[in-house]
Amino acid sequence: MKKVVFVLIAPLLAGACTASTPNVVPESSPGRPASRAAAPPVLVRQANPADAVHDVPAMTSFSVSLVGPMGTRLSAPGDPFRAKVISPLRTLRGYTLVPVGSVLKGRVVAVEQAPASRLRLKFETLTTTQGPVALQATLTDDQPSPSFVVDRSRRAEGDYDVTLDGLPAVALGGSKAAAGRLHSDIRLVAKTQLQVMLVHPLRVAIH
(Lines give C-alpha, C1' and ligand atoms only; values in the text may rest on other atoms or scores of the structure.)
Protein backbone atom coordinates (compact mmCIF):
# COMPACT_ATOMS: atom_id res chain seq x y z
CA MET A 1 0.00 0.00 0.00
CA LYS A 2 2.88 2.37 0.80
CA LYS A 3 4.44 1.73 -2.61
CA VAL A 4 1.23 2.64 -4.40
CA VAL A 5 0.93 5.95 -2.52
CA PHE A 6 4.59 6.86 -3.30
CA VAL A 7 4.10 6.16 -6.97
CA LEU A 8 1.06 8.45 -7.11
CA ILE A 9 2.65 11.29 -5.13
CA ALA A 10 6.03 11.40 -6.98
CA PRO A 11 4.65 12.61 -10.35
CA LEU A 12 2.60 15.26 -8.60
CA LEU A 13 5.70 16.61 -6.82
CA ALA A 14 7.69 16.65 -10.05
CA GLY A 15 4.94 18.59 -11.86
CA ALA A 16 4.78 21.14 -9.09
CA CYS A 17 8.51 21.72 -9.23
CA THR A 18 8.37 22.16 -12.99
CA ALA A 19 5.51 24.67 -12.78
CA SER A 20 7.29 26.72 -10.11
CA THR A 21 10.56 27.00 -12.06
CA PRO A 22 10.49 29.96 -14.52
CA ASN A 23 11.87 29.59 -18.03
CA VAL A 24 15.25 31.33 -18.12
CA VAL A 25 16.08 33.05 -21.44
CA PRO A 26 19.74 33.91 -21.93
CA GLU A 27 20.20 37.66 -21.75
CA SER A 28 21.19 39.18 -25.09
CA SER A 29 23.23 42.30 -25.69
CA PRO A 30 21.30 45.33 -26.84
CA GLY A 31 20.82 45.38 -30.60
CA ARG A 32 22.20 41.87 -31.11
CA PRO A 33 20.01 38.69 -31.22
CA ALA A 34 21.04 35.97 -28.84
CA SER A 35 20.82 33.31 -31.54
CA ARG A 36 23.40 35.06 -33.85
CA ALA A 37 27.08 35.70 -33.47
CA ALA A 38 28.35 39.29 -33.55
CA ALA A 39 29.02 40.58 -37.10
CA PRO A 40 32.61 41.68 -37.77
CA PRO A 41 33.08 45.48 -38.07
CA VAL A 42 33.29 46.99 -41.56
CA LEU A 43 36.72 48.50 -42.13
CA VAL A 44 36.75 51.85 -43.94
CA ARG A 45 40.06 52.84 -45.52
CA GLN A 46 40.93 56.43 -44.79
CA ALA A 47 41.83 58.52 -47.84
CA ASN A 48 45.45 59.47 -48.13
CA PRO A 49 45.67 63.23 -48.80
CA ALA A 50 48.72 62.67 -50.98
CA ASP A 51 46.70 60.39 -53.26
CA ALA A 52 43.50 62.44 -53.28
CA VAL A 53 44.39 64.37 -56.43
CA HIS A 54 46.52 64.09 -59.53
CA ASP A 55 48.82 67.09 -59.61
CA VAL A 56 50.86 68.49 -62.50
CA PRO A 57 53.08 71.42 -61.40
CA ALA A 58 52.84 74.92 -62.80
CA MET A 59 55.33 75.88 -65.52
CA THR A 60 55.00 72.40 -67.07
CA SER A 61 54.83 72.65 -70.85
CA PHE A 62 53.25 70.38 -73.46
CA SER A 63 52.62 70.46 -77.19
CA VAL A 64 49.31 70.64 -79.03
CA SER A 65 48.30 70.63 -82.70
CA LEU A 66 45.50 72.86 -84.01
CA VAL A 67 42.49 71.00 -85.39
CA GLY A 68 41.46 73.85 -87.71
CA PRO A 69 43.01 77.02 -89.15
CA MET A 70 43.14 80.31 -87.28
CA GLY A 71 44.42 83.78 -88.15
CA THR A 72 43.88 87.52 -88.26
CA ARG A 73 41.95 87.23 -91.55
CA LEU A 74 40.16 83.99 -90.64
CA SER A 75 39.10 84.39 -87.02
CA ALA A 76 36.62 86.67 -85.25
CA PRO A 77 36.13 87.44 -81.56
CA GLY A 78 34.22 84.62 -79.89
CA ASP A 79 35.31 81.95 -82.35
CA PRO A 80 36.12 78.65 -80.60
CA PHE A 81 39.22 76.66 -81.43
CA ARG A 82 40.43 73.18 -80.61
CA ALA A 83 43.81 71.52 -80.47
CA LYS A 84 44.90 67.94 -79.83
CA VAL A 85 47.63 67.07 -77.34
CA ILE A 86 50.69 65.55 -79.02
CA SER A 87 52.93 65.31 -75.93
CA PRO A 88 51.42 63.92 -72.71
CA LEU A 89 51.22 65.61 -69.32
CA ARG A 90 52.40 63.49 -66.39
CA THR A 91 52.26 63.98 -62.64
CA LEU A 92 55.37 63.92 -60.46
CA ARG A 93 54.50 60.30 -59.65
CA GLY A 94 54.64 59.41 -63.33
CA TYR A 95 50.89 59.06 -63.92
CA THR A 96 49.79 60.19 -67.40
CA LEU A 97 46.98 62.61 -66.60
CA VAL A 98 46.66 64.10 -70.10
CA PRO A 99 47.43 61.44 -72.74
CA VAL A 100 48.18 62.02 -76.40
CA GLY A 101 44.97 62.78 -78.29
CA SER A 102 43.35 64.74 -75.47
CA VAL A 103 41.53 67.90 -76.53
CA LEU A 104 42.32 71.47 -75.54
CA LYS A 105 39.49 73.96 -76.10
CA GLY A 106 39.65 77.75 -76.19
CA ARG A 107 38.27 80.81 -77.88
CA VAL A 108 39.46 83.87 -79.73
CA VAL A 109 38.99 86.97 -77.55
CA ALA A 110 40.15 89.72 -79.91
CA VAL A 111 41.41 90.13 -83.46
CA GLU A 112 43.36 93.06 -84.90
CA GLN A 113 44.30 93.10 -88.55
CA ALA A 114 47.20 94.93 -90.17
CA PRO A 115 48.98 97.11 -89.38
CA ALA A 116 48.76 95.67 -85.84
CA SER A 117 48.03 91.99 -86.74
CA ARG A 118 47.19 90.56 -83.33
CA LEU A 119 45.26 87.60 -81.90
CA ARG A 120 44.28 87.29 -78.26
CA LEU A 121 43.41 83.81 -77.06
CA LYS A 122 41.76 82.32 -74.00
CA PHE A 123 42.37 78.68 -73.01
CA GLU A 124 39.31 77.14 -71.38
CA THR A 125 39.34 73.36 -70.88
CA LEU A 126 41.64 70.39 -71.22
CA THR A 127 40.56 66.75 -71.37
CA THR A 128 42.16 64.47 -68.75
CA THR A 129 41.75 60.82 -67.80
CA GLN A 130 39.21 62.00 -65.21
CA GLY A 131 37.28 64.21 -67.66
CA PRO A 132 37.56 67.82 -68.88
CA VAL A 133 38.92 70.40 -66.44
CA ALA A 134 39.37 74.17 -66.48
CA LEU A 135 42.74 75.21 -67.86
CA GLN A 136 44.89 78.17 -66.85
CA ALA A 137 47.75 78.31 -69.31
CA THR A 138 49.68 80.45 -71.76
CA LEU A 139 52.19 79.92 -74.59
CA THR A 140 55.92 79.67 -74.18
CA ASP A 141 58.20 82.24 -75.80
CA ASP A 142 59.75 79.70 -78.15
CA GLN A 143 57.18 78.37 -80.61
CA PRO A 144 57.55 75.87 -83.47
CA SER A 145 55.61 78.21 -85.79
CA PRO A 146 57.63 81.22 -87.05
CA SER A 147 54.54 83.22 -88.10
CA PHE A 148 53.93 85.06 -84.82
CA VAL A 149 55.55 86.41 -81.66
CA VAL A 150 54.21 85.55 -78.19
CA ASP A 151 53.27 88.39 -75.84
CA ARG A 152 52.28 87.02 -72.42
CA SER A 153 51.64 90.35 -70.72
CA ARG A 154 48.15 90.66 -69.28
CA ARG A 155 46.10 93.82 -69.82
CA ALA A 156 43.03 95.07 -68.01
CA GLU A 157 40.79 95.49 -71.04
CA GLY A 158 40.12 91.82 -71.72
CA ASP A 159 39.98 88.32 -70.29
CA TYR A 160 42.64 86.49 -72.27
CA ASP A 161 45.67 84.32 -71.61
CA VAL A 162 48.09 85.21 -74.38
CA THR A 163 48.57 87.58 -77.31
CA LEU A 164 49.96 86.52 -80.67
CA ASP A 165 51.59 89.39 -82.54
CA GLY A 166 52.41 89.22 -86.22
CA LEU A 167 56.06 89.40 -87.23
CA PRO A 168 57.40 92.94 -87.65
CA ALA A 169 57.41 94.04 -91.28
CA VAL A 170 60.74 94.59 -93.02
CA ALA A 171 61.52 98.22 -93.79
CA LEU A 172 61.51 98.82 -97.53
CA GLY A 173 62.42 102.42 -98.30
CA GLY A 174 60.63 103.74 -95.23
CA SER A 175 61.77 104.61 -91.74
CA LYS A 176 62.53 101.86 -89.26
CA ALA A 177 60.11 103.43 -86.78
CA ALA A 178 57.24 103.16 -89.27
CA ALA A 179 58.21 99.60 -90.15
CA GLY A 180 58.27 98.69 -86.47
CA ARG A 181 54.58 99.50 -86.21
CA LEU A 182 53.68 97.21 -89.10
CA HIS A 183 53.14 93.49 -88.61
CA SER A 184 52.45 90.72 -91.08
CA ASP A 185 49.21 88.74 -90.95
CA ILE A 186 49.05 85.77 -88.64
CA ARG A 187 48.16 82.56 -90.45
CA LEU A 188 47.94 79.33 -88.45
CA VAL A 189 46.95 76.40 -90.63
CA ALA A 190 45.49 73.15 -89.33
CA LYS A 191 48.07 71.00 -87.52
CA THR A 192 50.13 74.03 -86.53
CA GLN A 193 51.95 73.09 -83.34
CA LEU A 194 51.77 75.28 -80.22
CA GLN A 195 53.83 74.95 -77.07
CA VAL A 196 51.52 75.45 -74.08
CA MET A 197 52.64 76.11 -70.49
CA LEU A 198 50.60 75.74 -67.30
CA VAL A 199 50.22 78.99 -65.37
CA HIS A 200 48.75 77.24 -62.32
CA PRO A 201 49.07 73.59 -61.26
CA LEU A 202 46.68 71.17 -62.92
CA ARG A 203 44.93 69.43 -60.00
CA VAL A 204 42.33 66.79 -60.74
CA ALA A 205 40.44 64.83 -58.07
CA ILE A 206 40.71 61.05 -58.30
CA HIS A 207 37.30 59.46 -58.86
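Scanning the stretch 95-110 for residues that are of a type in the set (A, V, I, L, M, F, W, C) and in a strand (DSSP E or B) yields Leu97, Val98, Val103, Leu104, Val108, Val109, Ala110.
Being closer than 13 Å to Arg107 by Cα and not hydrophobic (A, V, I, L, M, F, W, C) is the filter here, so list the residues in the stretch 70-86 that pass it. Across the stretch 70-86, the qualifying residues are Gly71, Ser75, Pro77, Gly78, Asp79, Pro80, Arg82. Listed by first and then second residue, the pairs with beta-carbon distance under 6 Å, at least 6 apart or on different chains, first residue in the stretch 77-89 and among the β-branched types (Val, Ile, Thr), second surrounded by 14 or more Cβ atoms within 10 Å (Cβ to Cβ) and not in a strand (DSSP E or B), are Val85/Ser102.
Looking for whichever is in a loop (DSSP other than H, G, I, E, B), modelled with pLDDT of 85 or more and more than 22 Å from the chain's Cα centre (by Cα) here; the options are Leu92, Leu74. Which one fits?
Leu74 is the lone residue from the list that is in a loop (DSSP other than H, G, I, E, B), modelled with pLDDT of 85 or more and more than 22 Å from the chain's Cα centre (by Cα).
Does any residue in the stretch 133-155 that is more than 13 Å from Lys122 (Cα to Cα) come within less than 6 Å, Cβ to Cβ, of a residue that is at pLDDT below 95 and loosely packed, with under 13 Cβ neighbours inside 10 Å six or more places away or on a different chain, and which pairs are these? So the pair list comes out as Val150/Asp141. For the structure I just gave you, tell me whether Leu119 is surrounded by 18 or more Cβ atoms within 10 Å (Cβ to Cβ), under 14 Å from Val56 (Cβ atoms) and of a type in the set (A, V, I, L, M, F, W, C). It is false that Leu119 is surrounded by 18 or more Cβ atoms within 10 Å (Cβ to Cβ), under 14 Å from Val56 (Cβ atoms) and of a type in the set (A, V, I, L, M, F, W, C).
Among the residues of the stretch 102-116, the ones that are under 16 Å from the mean Cα position of the chain (by Cα) and surrounded by fewer than 16 Cβ atoms within 10 Å (Cβ to Cβ) come to 1 in all.
The values are calculated or read from the model by the stated rules, or taken from the named source; none is laboratory data. Everything numeric here is computed off the predicted structure, so don't read it as measured data. Glycine gets a Cβ as well: all are built from the backbone with ideal geometry, and neighbour counts include every protein chain shown.
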